[in-house]
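Comments concern the structure below.
The values are calculated or read from the model by the stated rules, or taken from the named source; none is laboratory data. No experiment lies behind these values; they were computed from the predicted model shown. Please note: Cβ atoms are built from the backbone with ideal geometry, for glycine as well, and neighbour counts cover all protein chains shown. Ligands, DNA and RNA are excluded from the accessible area calculation, which covers all protein heavy atoms including side chains. Shrake-Rupley method; radii C 1.70, N 1.55, O 1.52, S 1.80 Å.
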Amino acid sequence: MTGRHQLERLEREARHLAPGASQEAAAGQRVFAEGDGPVLTDLDGNQYLDFAAGTLTQSLGHGHPEVVEALIAQARRLWNVHDSATPDRAALLELLARLLPGHLDTYALFSTGAEVIEAALRVVLAGAEPGRNRIGAMRGGFHGKTMGARMLVHWDVGHQAFAGNSVLGYSPYCYRCPLELTRPTCQLRCASLVRRHIAGKPNVSALVFEPVLGAGGVIVPPPGYWEQIADACRANGVLLVADEVLTGGGRTGTFLACEQFGVEPDLVALAKGLASGFPFAVLAGRADVMRHPAASEPGAHASTFAGNPLGIAAARATLGVIERDRLLERVRALGERLGDRLSALAARFDHLGDVRGVGLLYGLEFVTDRQSRSPAPDIARAVYTTALDLGLRVALGGHILRIAPPFTLDEALLDEGLGLLERALERVLL
Ligand SMILES: Cc1ncc(COP(=O)(O)O)c(C=O)c1O
């Protein structure tokens, strides 16, 4: 329950705050006051295990001491000099080069996910051959709310959809196969249709895709799906632009999700997991694409906050810990435990139609019944608010809950959080 102090603040701010909050903020009605590792504290002193890791930003949990120290030290030195070099920028670029696949060795720095998608579209279109003015995207994908990013999003993201100029491919949403087929007899027809589409449309310059769809419901592709599509893109001169805003930075157990799904992207967008919640984002790319003369005009990547020194400090500290403490191994080990426990829950509760995920990124899909598989957003919301009341925060989107704890969690707290989730499911469903 939302406590007295929080209700007072929520009432006060409602007089001035524009509507349009996320479902989770609107349904949750909490005022979070502090974060420490995996634990959040609200204004009335209640504590929560944060299995949404901020908004999948807190890979190291909240307030990691090394990130805090780096930010404080930088805050004392320098905040903004446009995109001029600062002493730590070279070290951050070198760190990115160590963590990312070798062919992605050129970087532009930004502040938000949608901003990086816009930059990727600019790079693609600047270097595109004449006539190749269309971009491919996937059903159920999400790339942000700026106009260019929304052009790629084929569902309503809070305002009317604006999918005017992109070409659409089938996502591997096996639980609700858009082609009404089942695996393995489907033989990945979704992928072969995307292939055919790409081969048949000479005006497409790039395919923008999430290797694992995040906001669309944590849709994990079956083996072979991306390999087929990537081959078709290569054969037809279509650039592969991976949107790893959500998956990048280790969330799936490899630094990029692409590394385990058989795609070598030409450009990659990174944001959420880079800097422990400080606004910071990177467009990583192959040198020949990023250094194309038409994409390298003076000021092409400059903007007011892009690559500011505080973001660089936060990213360097965050990624430095991920590298030094070998946290990707940790994500894989914890992720296996998480997957096993969630599958056990799915076996207990009929309204839990599907559980899927990879690494520390899981989606729970709620249905009215297993026959019809009709989406059950009311159940998802009730489980979400009940879990909050019990002291567990997860992420809510429609009829899907996402579970994405920090990488630094220990097994005991993982089990404790899943115990709270089970209690919430029991309260709502039994
Ligand atoms: C895959 C993906 N791309 C892009 C974005 C947009 O990022 P931002 O909200 O930082 O603009 C998001 C945000 O959730 C995302 O999940």
Of the residues in the range 246-262 that are open to solvent by 10 Å² or more (accessible area, probe 1.4 Å) and touching a helix residue (DSSP H, G or I) at 6+ places or on another chain (Cβ under 7 Å), the one that is nearest to the ligand (Cβ to nearest atom) is Leu246
All-but-one check, Gly200 against (1) open to solvent by less than 60 Å² (accessible area, probe 1.4 Å); (2) in contact (Cβ under 8 Å) with a residue 12 or more places away in the chain; (3) not acidic (Asp, Glu), failing number (2)
Taking the range 103-121 and keeping only residues that are over 18 Å from Arg234 (Cβ atoms) and surrounded by fewer than 18 Cβ atoms within 10 Å (Cβ to Cβ), one is left with Asp105
With criteria (1) more than 19 Å from Leu327 (Cα to Cα); (2) outside any strand (DSSP E or B); (3) open to solvent by 20 Å² or more (accessible area, probe 1.4 Å); (4) in contact with a Gly (Cβ under 9 Å, 6 or more places away or on another chain), Glu66 comes up short on (1)
Of the listed residues (Ala215, Ala287, Ala235), the one being within 19 Å of Tyr173 (Cα to Cα) and surrounded by fewer than 24 Cβ atoms within 10 Å (Cβ to Cβ) is Ala215
How many residues of the range 34-56 are loosely packed, with under 15 Cβ neighbours inside 10 Å and either small (Gly, Ala, Ser) or modelled with pLDDT under 95 (or both)? The answer is 1
Within the range 134-152, restricting to residues that are hydrophobic (A, V, I, L, M, F, W, C) and open to solvent by less than 10 Å² (accessible area, probe 1.4 Å), the one that is nearest to the ligand (Cβ to nearest atom) is Ala149
### Task
Would you check if Ala163 is within 16 Å of the ligand (Cβ to nearest atom), open to solvent by 10 Å² or more (accessible area, probe 1.4 Å) and at pLDDT below 95?
yes
Scanning the range 289-317 residue by residue, the ones that are under 21 Å from Ala242 (Cβ atoms) and in a loop (DSSP other than H, G, I, E, B) total 6
Exactly one of Gly262, Gly277 is at pLDDT below 95, assigned by TED's automatic domain parsing to the domain that holds Ala235 and on the phi > 0 side of the Ramachandran plot, and that one is Gly262
How many residues of the range 349-364 are surrounded by 23 or more Cβ atoms within 10 Å (Cβ to Cβ), within 14 Å of Leu421 (Cα to Cα) and in contact (Cβ under 8 Å) with a residue 40 or more places away in the chain? The answer is 3
On the basis of being away from the ligand (no atom under 16 Å from the Cβ) and open to solvent by less than 20 Å² (accessible area, probe 1.4 Å), does Leu17 make the cut? no
For the range 78-107, pairs from a residue that is part of a helix (DSSP H, G or I) to a residue that is at pLDDT below 95 and surrounded by 11 or more Cβ atoms within 10 Å (Cβ to Cβ), with Cβ under 8 Å and 6 or more apart or across chains, are Arg89/Gly307
The correct count of residues that are closer than 15 Å to Asn308 by Cβ and in a loop (DSSP other than H, G, I, E, B) in the range 108-131 is 2
Filtering the range 318-348 for residues that are out of contact with any strand residue (DSSP E or B) (no Cβ under 9 Å at 6 or more places or on another chain) and open to solvent by 20 Å² or more (accessible area, probe 1.4 Å) leaves a count of 17
Exactly one of Ala287, Ala346, Ala317, Ala333 is touching a residue at least 24 places away in the same chain (Cβ under 8 Å) and either within 23 Å of the chain's Cα centre (by Cα) or more than 20 Å from Gly248 (Cα to Cα) (or both), and that one is Ala317
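Table: residues versus (1) outside the structural domain of Ala21 (by TED's automatic domain parsing); (2) crowded, with 17+ Cβ neighbours inside 10 Å; (3) touching a Gly at 6+ places or on another chain (Cβ under 6 Å).
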| site | (1), (2), (3) |
| --- | --- |
| Val367 | no, yes, yes |
| Gln371 | no, no, no |
| Asp378 | no, no, no |
| Ala382 | no, yes, no |
| Arg393 | no, yes, no |
| Leu396 | no, yes, no |
| Ile400 | no, yes, yes |
Exercise for the section: Kindly indicate whether Ala314 is farther than 25 Å from Gln23 by Cα, among the hydrophobic types (A, V, I, L, M, F, W, C) and open to solvent by 10 Å² or more (accessible area, probe 1.4 Å). Expected result: no
Of the candidates Ile400, Ile379, the one satisfying the condition of being in contact with a Pro (Cβ under 9 Å, 6 or more places away or on another chain) and either at pLDDT 95 or above or of a type in the set (Asp, Glu) (or both) is Ile400
